[in-house]
Amino acid sequence: MLSSALKRVPPMRDPSDPPAIEMAGMNKWYGNFHVLKNINLTVHRGEKLVICGPSGSGKSTMIRCINRLEEHQQGQIVVEGVELSNDLKQIDVIRSDIGMVFQHFNLFPHLTILENLTLAPIWVRRMRRGQAEQTAMHYLERVKIPDQAHTYPGQLSGGQQQRVAIARALCMSPKIILFDEPTSALDPEMVKEVLDTMVALAEDGMTMLCVTHEMGFARQVADRVVFMDQGEIVEMNTPSEFFSHPRHQRSKLFLAQILN
Amino acid sequence: MLSDARTRSIIIQCALVAVAAAFAALLVSTTFANLRARGIPIGFDFLTMPSRIVISEAILTYKSRDPYYWAIATGLANTVFISAVVIVFSSALGLVVGITRLSSNPLAAGTCRVWVEVARNSPPIVLLIFLYSLWWKVLPPVGEALNPLPGVYASMRGFVVPAVSMDVATPGLLVIALALALAAAGWAAARRRWLPPLTAPAILAVGIAGLWLADAKFFVDWPTFTGSNFKGGKDLTPELSTILIGLIIYTTGFVAEIVRGGVLSVGRGQWDAGHSLGLPRGKILRLIIIPQMLRVIVPPLNSQYINVVKNSTLAIAVGYPDFLAVMNTIISKSSHSIEGVFIILGVYLALNLSLSSAANWYNRRIAIVER
Ligand SMILES: Nc1ncnc2c1ncn2[C@@H]1O[C@H](COP(=O)(O)OP(=O)(O)OP(=O)(O)O)[C@@H](O)[C@H]1O
Ligand SMILES: [Mg+2]
């Protein structure tokens, strides 16, 4: 158990500041299957959210809607003041401002680590190669693997690959980062190095949404924990409240299952 | 010692080679003895004799006074030309058609699907005969030739297109520049698995600079219509056009399927990663998907290329003198059938083995590094 000394003061907020993400009455179906049901969620700039819930509850689908890797059918999603629509140009612009880290890393296996990091800055941000490489090396140092710049993803361990994936997202200077179970494909001894990188990122004030079952991480960095079940947001609370006094039967059941 | 796996395998292989060689030697010596007994001449001396056969059209310059070996070379050049043109065009078209089949636009995807199904399910010879019969049904006589593009005419007698020729003042310099450009390409390919954006323009620049330094002049000979015929330009006869267009349509169908399989073989996660970085679809294809699918599609693509070489023998159906057709004429004219068959087998074997080794080399080049 982490001590209560880690309790953070919530970030100061100007009420006129638009939220980073706003979902209102959002619904999504896969054919007849109602995956996301009336999602209402506002995420403020600099806020860190941990999303948890049983398998198949729609956590991945929800965060993939935020950068439109999935389309929603009803309701509104507004990211940094821009409503997500079918305008392809605009979607690419919004996506370039949202970093995403995947469960299975999804590095580009045919490119070196450095090329993985510079690809989008060069082709999307139109950055010069030299400058993109400088930025890439900066972030590789931050995730503590600058010496692997010229190797290929297949030559790295899982933990190293996931840290490269985080650095790749950071190279685009995103305003928001989405994590989809970033540690659940890793061997246990590599989980900590990735979580440490994420904690450091959180301390820098990045807006983060993280699907994870690492409850220690949730206690340490989350401002709010969102609990989902069967496509609904069942409960949303500060980590200490959520873990000590879960309000719903389903949350209690879930916590009992993952904490034993 | 015989229990050592490697030694044993070497001994077995040597034994097999020895048996095969002995069998071949027996076959050859018996054949030769029999032929000699019957008074049939055998040997390759005839190759230097004047052939007196007619080759209706050729990429090289050929006259019927030329010796047999030049007739063979002329047929070979025709086959290599057909194969090369078909391979280049059907690769490019197959890439486009294969990718378009996966597009979300139903009309575009459907059109490409029809192409693939027609090409894959019709015997190529039927396609060729059908196309050949179209020349007289669809295209107008020479007097009313269509002019779809400036300098391009189409009529019953085939296409007439502008001819490009080059005159080089100092060929040495050009050779040096081309060698430099090739070396640069080789160096880039050896250093990087995937050519960085600026490599291709740089190589092109070296080539163009070489052309300029060598004072090369290009001449374009535009065809002109004289009322009853064309002057200048280059003729593409109905026969050559049919075999080229037919085989391109046919092969594109197969290449497109291979490309589609290749694109699908790259996991969805790669698209997700590309999209999440803000890369548009076209750039994801070009920078992420195509480079990864190449290593999957090169082996099946190579067998399609080999099929192109083999299918080029269907030229005989429309009367275009490809290598096989020329060899047939040579055999019946010279009655050196054994030698002729050996030459035919040797040439197709050599062509296809070179294609395979080029593909293998390329596949090793682009293999993905793993631990
Ligand atoms: N492309 C799809 N087509 C149809 N159904 C889908 C598709 N993707 C996901 N689903 C379904 O939607 C539901 C939610 O899936 P999702 O991946 O969002 O769950 P999750 O909460 O992330 O689960 P996990 O913890 O297993 O990753 C699941 O029941 C899944 O089977
Ligand atoms: Mg998931």
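Observations
- For the stretch B:10-55, the tally of residues that are at negative phi, loosely packed, with under 11 Cβ neighbours inside 10 Å and touching a residue at least 60 places away in the same chain (Cβ under 8 Å) stands at 0.
- Hits in the stretch A:190-216 - residues which are over 16 Å from residue A:103 (Cα atoms) and part of a helix (DSSP H, G or I): A:196, A:199, A:200, A:201, A:202, A:203, A:215, A:216
- From B:61, B:7, B:31, residue being of a type in the set (S, T, N, Q), within 30 Å of residue B:330 (Cα to Cα) and assigned to a helix (DSSP H, G or I): B:31
- Note on the stretch A:71-112: residues that are within 13 Å of ligand 2 (Cβ to nearest atom) and either hydroxyl-bearing (Ser, Thr, Tyr) or over 15 Å from the mean Cα position of the chain (by Cα) (or both) total 0.
- Boolean, residue B:245 is away from chain A (no Cβ under 14 Å), at negative phi and aliphatic (A, V, I, L, M): yes
- Failed condition for residue B:268, given (1) in contact (Cβ under 8 Å) with a residue 60 or more places away in the chain; (2) within 14 Å of chain A (Cβ to nearest Cβ); (3) surrounded by fewer than 14 Cβ atoms within 10 Å (Cβ to Cβ): (1)
- Per-region count, the stretch A:36-53, residues surrounded by fewer than 22 Cβ atoms within 10 Å (Cβ to Cβ) and farther than 18 Å from residue A:179 by Cα: 3
- In the stretch A:44-126, counting only strands (runs of 3 or more DSSP E) that sit wholly within it, the ones holding 3 or more residues that are within 16 Å of ligand 1 (Cβ to nearest atom) span A:48-52.
- Members of the stretch B:141-189 found to be out of contact with any Leu (no Cβ under 6 Å at 6 or more places or on another chain), of a type in the set (A, V, I, L, M), touching a residue at least 24 places away in the same chain (Cβ under 8 Å) and in a helix (DSSP H, G or I), listed by number: B:142, B:174, B:176, B:177, B:178, B:180, B:181, B:189
- The residues listed here are A:62, A:137; of these, the one that is modelled with pLDDT of 95 or more and surrounded by 20 or more Cβ atoms within 10 Å (Cβ to Cβ) is A:62.
- Long-range neighbours under 6 Å by Cβ, at least six apart or interchain, first residue closer than 24 Å to residue A:146 by Cα and more than 8 Å from every other protein chain (Cβ to nearest Cβ) within the stretch A:86-114, second within 16 Å of ligand 1 (Cβ to nearest atom) and hydroxyl-bearing (Ser, Thr, Tyr): A:103/A:184
- Apart from one condition, residue A:136 fits all of (1) within 16 Å of ligand 1 (Cβ to nearest atom); (2) within 14 Å of chain B (Cβ to nearest Cβ); the exception is (1).
- Single match in B:344, B:330 (criterion: surrounded by 18 or more Cβ atoms within 10 Å (Cβ to Cβ), away from every other protein chain (no Cβ under 14 Å), without any contact (Cβ under 8 Å) to a residue 24 or more places away in the chain and more than 20 Å from residue B:85 (Cα to Cα)): B:344
- Residue tally, condition within 20 Å of residue A:184 (Cβ to Cβ), more than 14 Å from ligand 2 (Cβ to nearest atom) and hydrophobic (A, V, I, L, M, F, W, C), over the stretch A:205-225: 7
- Test set (1) away from chain B (no Cβ under 14 Å); (2) surrounded by fewer than 16 Cβ atoms within 10 Å (Cβ to Cβ); (3) touching a helix residue (DSSP H, G or I) at 6+ places or on another chain (Cβ under 9 Å) - residue A:74 fails condition number: (3)
- Within this structure, residue A:26 passes the test of being among the aliphatic types (A, V, I, L, M), closer than 30 Å to residue A:219 by Cα, more than 14 Å from every other protein chain (Cβ to nearest Cβ) and not in a loop (DSSP other than H, G, I, E, B).
- Only one of A:229, A:196 that is more than 14 Å from every other protein chain (Cβ to nearest Cβ) and within 15 Å of ligand 1 (Cβ to nearest atom): A:229
- Qualifying residue in the stretch B:165-173 (condition: closer than 30 Å to residue B:236 by Cβ, modelled with pLDDT of 75 or more and either more than 24 Å from the chain's Cα centre (by Cα) or among the hydrophobic types (A, V, I, L, M, F, W, C) (or both)): no
The values are calculated or read from the model by the stated rules, or taken from the named source; none is laboratory data. Just so it is clear, the model here is predicted, and its values are computed rather than measured. So basically every Cβ, Gly included, is an ideal-geometry build from the backbone, and we count neighbours across all protein chains shown.
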